[in-house]
Amino acid sequence: MKALVFGEFPDPMPPQPPEDAPRLIKHLAFTPMFLQDVPEPKLFGDDWAVIKPRLTGICGSDTKQVLMDFEDAEDSPMTAFISFPQVLGHEVVATVEEVGSAIEGIEVGQRVVLNPWLSCGPRGIDPVCPSCAVGDWSMCFRFHDGRLAPGIHTGNSSDATGGFAELVPAHQQMMIPVPEGVSDEEAVLGDPFAVSLHGITRNPPPPGGRALVFGAGALGTSAVGILKALYPTVDVGVVAAWDAQAALSEKLGAKVFRWSDQHQVIAELAEWSGGVLRQPWDETTIPICYPGGIDVIYDTVGAKETIEIDVRVLATRGTMVQLGLSSWKRTELTPMYFKEIRWVGSNAFGTEEIDGVRKHGIAHYLDMAKDGRIDLSGMLTHTFPLD
């Protein structure tokens, strides 16, 4: 089958850009990724299937890896959880092509969304670890063990190839049926939606409070939709960089703040939330809101500049939920301890609870999309063939 393989250099290498080309353009020219023929995926057990991607989303983590955009993070410990070569792509809506004899409730020809986590079940480990026992598959203890090469999810294990290919292996636990009436273009958004759902439902805003979403990409837009659908008494703001993002966030009902510089964003957020600006001695230093007026921030960017704003505009004992990650070496976080801010990491998704119902976050999304409770149409803007 055809697959975009990462971890092997093409021969010959493509033409190289000029010396004065932008950093990421240079990186892209050297990235070890090209389209090639590879063996079709095998069933790793009778509880595995093979699925054919209909659409595969390009996650921010895929983009950073392909562009090698980690110049300040050479010592990342996450390299302990991957194996090469890889076929990236874990946001997949697909048609089932082949099923093992132990597969239940999934049939050939059925549409499914991929739950990409390579946790105890896919690895054939029994008994499962404590995280998997409660449906927190992204917190699995056993990402190095069992019948698969190391990797936390589809696309970063050399065994579990991803959706930038013509076929993908999937375990019983990794396939979530798509209801009739939900299009492929809607279904493929299930993964980023579930990421935001996990961060919000486990760190919800207080009734009648204020919540800010930093960033209006796939995670940020999903977060705005979730907050408006599940927490109608909460005032929701979003910081957006681009016109299309701002327009979609506004359509979903959020107060939109445009990214400019830290001083201006902090001033606008203070006015919106009732935060009181305090200016340090040095006029070039970004100010702090004390007291602050924002109860919780869902930061989908995770950059030095956004984190510095978060801790300055949050209320005392507010919550900063970090869903995204960018590379940075140093930042000024003094308000973190001064305000007793709660900084919470949020890793992907698993079994989530909405209105007393517990099921996979992607399954929640598909049902909400089917019922018209969530509408993210407009978030998918471009599609490309594999080649």
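Using a Förster distance of 51 Å, how high is the FRET efficiency between E340 and T383, based on the Cβ-Cβ distance and rounded to 0.05?
Numbers: r = 46 Å, r/R0 = 0.90.
Calculated transfer efficiency: 0.65.
So which lysines can K52 reach, going by Cα to Cα under 26 Å and dropping same-chain residues fewer than 8 places off?
Candidates past the 8-residue exclusion: K2, K42, K64, K359, K370.
Normalising by the residue count of the stretch 1-131, find the relative contact order in percent from Cα pairs under 8 Å and 6+ residues apart.
Values: 180 pairs, mean separation 35.8, N = 131.
Once normalised by length, the contact order is 27 percent.
Using +1 at the Cβ of each Lys and Arg and -1 at the Cβ of each Asp and Glu in the stretch 7-71, identify which of P32, P10, A49 lies farthest towards the dipole's positive end.
In the stretch 7-71, that residue is A49.
Using the heavy atoms of the protein chains and a 1.4 angstrom probe, tell me the accessible area per residue for the chain in square angstrom.
On the way: 17720 Å² over 387 residues.
For the chain, the solvent-accessible area averages 46 Å² per residue.
If the elastic network links every pair of Cα atoms under 10 Å, which of P169, P53, P22 fluctuates the most in the Gaussian network model of the chain?
Judging by the Gaussian network model, the answer is P22.
Roughly speaking, what is the centre-to-centre gap between the stretch 196-214 and the stretch 151-170 when only Cα atoms are used, to the nearest Å?
Centre-to-centre (Cα) distance: 32 Å.
Pick out which of G199, G155, G60 has the largest mean-square fluctuation in a Gaussian network model of the chain, springs linking Cα atoms closer than 10 Å.
Maximum fluctuation in the GNM of the chain, among the listed residues, is at G60.
Share of the chain's accessible area from carbon and sulfur, percent, 1.4 Å?
Values: 9670 of 17720 Å².
Carbon and sulfur atoms account for 55 percent of the accessible area of the chain.
Find how many whole Å separate the alpha carbon centroid of the stretch 71-126 from the alpha carbon centroid of the stretch 293-344.
31 Å
Cβ neighbours within 10 Å, averaged per peptide: list 41-48, 296-303 in order, most packed at the top. Walk me through the intermediate numbers first.
Numbers: 41-48: 17.2, 296-303: 25.5.
For the peptides 41-48, 296-303, the packing ranking is 296-303, 41-48.
Using the Cα centre of the stretch 1-88 as the reference point, and only Cβ charges (+1 on K/R, -1 on D/E), how large is the resulting charge dipole? Debye, rounded to the nearest 20. Each step should come with its number before you reach the end.
Values: 7 positive and 14 negative charges, 86 e Å.
Dipole size: approximately 420 debye.
Please give me the summed charge of the neighbours of F141: other residues whose Cβ is under 15 Å from its Cβ, Lys and Arg +1, Asp and Glu -1. Numbers along the way, then the final one.
Numbers: positive: R123, R142; negative: D126, D136, D145.
Net charge in that neighbourhood comes out at -1.
Starting with the highest mean, order 33-39, 232-238 by the number of other Cβ atoms within 10 Å, averaged over the residues of each peptide.
Ranked by mean Cβ neighbours within 10 Å, highest first: 232-238, 33-39.
If Lys and Arg each add +1 and Asp and Glu each add -1, what is the summed charge of the other residues whose beta carbon sits under 13 Å from the beta carbon of C120?
Details: positive: R123, R142, R147; negative: D47, D126, D136, D145.
Value of the local net charge: -1.
No other cysteine beta carbon under 4.7 Å away is the test; run it over the chain and list who passes.
When partners are defined as cysteine Cβ atoms under 4.7 Å apart, the chain leaves C59, C129, C140, C289 without one.
With unit charges on the beta carbon (Lys/Arg positive, Asp/Glu negative), name the residue among P179, A246, T284 whose Cα is farthest towards the positive pole of the charge dipole of the stretch 171-310.
Checked the options; the winner is P179.
Under 1.5 on a/c is rounded, so check that first for the stretch 123-185, then, if it is not, pick prolate when a/b is larger than b/c and oblate when it is not; a ≥ b ≥ c are the square roots of the alpha carbon gyration tensor eigenvalues. Could you put the intermediate results ahead of the total?
Values: a/c = 2.52, a/b = 1.38, b/c = 1.82.
Here the stretch 123-185 falls in the oblate category.
Could you point to the residue in L219, V113, G100 farthest towards the positive end of the chain's charge dipole, with +1 and -1 charges on the Cβ of Lys/Arg and Asp/Glu respectively?
Looking along the dipole axis, the top candidate is L219.
Which value, in Å² and to the nearest 10, is the accessible area of E97 when all protein chains are kept and the probe is 1.4 Å?
Solvent-accessible area, nearest 10 Å²: 90 Å².
With each run of n ≥ 4 DSSP H residues scored as -39500 (n - 2.57), what mean residue ellipticity at 222 nm is computed for the chain after dividing by its residue count and rounding to the nearest 500 deg cm²/dmol? Mind dumping the intermediate values first?
Values: 12 runs with 98 residues, N = 387.
Using -39500 (n - 2.57) per qualifying helix, the result is -7000 deg cm²/dmol.
What's the FRET efficiency of E185 with R142 using the Cβ-Cβ distance as r and R₀ = 25 Å, to the nearest 0.05?
The value I calculate is 0.10.
The values are calculated or read from the model by the stated rules, or taken from the named source; none is laboratory data. The structure displayed is predicted, hence computed values, not measured ones. Here Cβ is always computed from backbone atoms with ideal geometry, including for glycine, and neighbour counts include all displayed protein chains. Only protein heavy atoms, including side chains, enter the accessible area calculation; ligands, DNA and RNA are left aside. Shrake-Rupley method; radii C 1.70, N 1.55, O 1.52, S 1.80 Å.
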